[in-house]
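Participant: One structure coming up, written as structure tokens, with questions to follow.
Bear in mind that the values in this text are calculations on the coordinates, not laboratory data. As the structure is a prediction and not an experimental result, all values here were calculated from the model. A quick note on method: Cβ atoms are made from the backbone with ideal geometry, for glycine too, and the neighbour counts reach across all protein chains shown.
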Amino acid sequence: MSSAATNFDPDVIWSLLEEVKDPEIPVLSIVDLGIARAVQDTADGQLEVVISPTYSGCPAMYMLEEQIRETLINHGYPDPVITTQLSPAWTTDWMTEAGRKKLTAYGIAPPEKTTSNKSVLFGGQKKIACPKCASTNSEQISEFGSTACKALYRCLDCREPFDYFKCI
């Protein structure tokens, strides 16, 4: 094994992980998204970062693993261990409040934590707040937006289209 990363400060590691951005939404870090799950020591005393993909088979995970590794190595943590954990499955509930605000500022409606709109059970649509004007007078244009995890909406007040980051 390589040099151990003993005596690391978890707060420092978490702040370094804030530097690793999502390739699809670059205003969000892996911490904002809740992809970074844990920072801990391995049995060998190495630094381990536990991550969960937003969905099984996400092609960005390999790139994120390399970015995490590179970031930590560049800050003096040799050979960090990056562990992918699939269970429990990632959920949008793990997104931070700061991440949700960054999404809105970026023009993407963040996922709802809960909804009282039961009409979706009978084929109705969610009324999602427009990230530009905050109106909930919106309509879904497509179940899929720029990526599979987003739906395309249009605000009926300001007439702007916007992505909605779907709840998972």
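Participant: Under 5 Å between amide hydrogens, which residues at least 5 positions from Phe162 or on another chain qualify, with H placed 1.01 Å from N in the peptide plane?
Facilitator: Amide H neighbours of Phe162, under 5 Å, 5+ apart: Tyr153, Arg154, Cys155.
Participant: Related question: So if R0 is 35 Å, what FRET efficiency would Asp11 and Cys167 give, r being the distance between their Cβ atoms, rounded to the nearest 0.05?
Facilitator: For Asp11 and Cys167, the calculated efficiency is 0.70.
Participant: Here's another thing I want to ask about it. Have a look at the DSSP beta bridges in region 10-90 and tell me what percent are antiparallel, nearest 5.
Facilitator: Expressed as a percentage, antiparallel bridges in region 10-90 total about 60.
Participant: Tell me the relative contact order for the chain as a rounded percent, counting alpha carbon contacts under 8 Å between residues six or more apart.
Facilitator: About 17 percent, as a whole number.
Participant: Work from the charge dipole of the chain (Cβ charges, +1 for Lys and Arg, -1 for Asp and Glu, about the Cα centre) and give the residue of Ile141, Gly34, Leu16 farthest towards its positive end.
Facilitator: With unit charges placed on the Cβ atoms, the residue in question is Ile141.
Participant: If N is the number of residues in region 10-90, what value comes out of its Cα radius of gyration divided by 2.2 N^0.38 Å?
Facilitator: Its radius of gyration relative to the 2.2 N^0.38 Å reference: 1.01.
Participant: Are there GluC sites (Glu not before Pro) in region 47-104 that DSSP puts in a loop and that have at most 13 other Cβ atoms within 10 Å, and which ones?
Facilitator: none
Participant: What's the magnitude of the charge dipole for the chain around its Cα centre, counting Lys and Arg as +1 and Asp and Glu as -1 at the beta-carbon? Answer in Debye, nearest 20.
Facilitator: The calculated dipole for the chain is roughly 1060 debye.
Participant: While we're here: Would you calculate, for the chain, the mean residue ellipticity at 222 nm contributed by helices, counting each DSSP H stretch of 4 or more residues as -39,500 (n - 2.57) and dividing by all residues, to the nearest 500?
Facilitator: So the helix-based figure for the chain works out to -6500 deg cm²/dmol.
Participant: Something else now. Over the alpha-carbon set of the chain, work out the extent along each principal axis and list the three values in angstrom, largest first.
Facilitator: Taking the Cα atoms of the chain, the three principal extents are 58, 27, 24 Å.
Participant: Please list, in chain and number order, the residues 5+ apart from Ser135 or on another chain whose amide H is under 5 Å from its amide H, with Hs placed from the backbone.
Facilitator: Under 5 Å from the amide H of Ser135: Cys130.
Participant: Additional query: Dipole magnitude of region 12-67 about its Cα centre, charges +1 at Lys/Arg Cβ and -1 at Asp/Glu Cβ only, in debye to the nearest 20?
Facilitator: Rounded to the nearest 20 debye, it is 140 debye.
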